[in-house]
Amino acid sequence: EPDPGHAGEGTGCTFSLPAMTHNMHAQWTHLSFAVLERCRIADEGLSVTVDEFNKFCGSLDHTSHVIQWGGAHVWKVAGKVISIGGWNDDDYLFVTFKTSEMSYELLKEQDGLRPAPYLASRGMKWIQRTSPATLDDEGLQDYIRESYRLVSLGLPKKTQRELGLNEFSETANA
């Protein structure tokens, strides 16, 4: 099994590990190999369009769409932001999403990704994809789904029950 500290060597998709405890090693190993799976440079196709982004986010249960903050396409669940599409440089749609702490540490210095302006500067774990250099569109959809899950877990339990969200999580915690 390759050393996750050198994951991606020879593939053009390398990254280094942040300082971590021994207990985090197994989780990190799994996560680093998942990222390597996503490290296909997106020269093979076009980056997600605004319409594709909106269609995908609209397919998630109980989401709503607003245009705010200078024309950005903002997607929410129960009034809480899950993803933002906009502020691009005319080459790619910039897409912002919430992450776990571990994903944030993994993604924040990868090509085509950065800590989300404004949100990350306030200590929140949000990433902005500025190009598909490291994270292809399929991987982006996975992270948006995870952002949806993370945000929905922060909703009041009553709201989660009313919307039928996270039923598995509540059953597992009972």
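Laboratory data are not the source of any read-out in this text; all were calculated from the coordinates shown. What you see is a predicted model, and the numbers here were worked out from it, not measured in a lab. In this analysis, Cβ positions are derived from the backbone assuming ideal geometry, glycine residues included, and neighbour counts consider all displayed protein chains.
Classified by the C-alpha gyration tensor, region 79-118 has an oblate form. Its axis ratio a/c, with a ≥ b ≥ c, is 1.5 or above, and a/b does not exceed b/c. Can you bin region 108-171 into rounded, prolate or oblate? Criterion: square roots of the alpha carbon gyration tensor eigenvalues sorted a ≥ b ≥ c, rounded for a/c under 1.5, prolate for a/b above b/c, oblate for the rest. Since a/c reaches 1.5 but b/c is at least a/b, the shape of region 108-171 is classed as oblate.
Consider a paramagnetic label point 7 Å from the Cα of E146 along Cα→Cβ; state which residues of region 80-124 have an amide N under 12 Å from it. Counting backbone N atoms under 12 Å from the label point, the list is 97-108.
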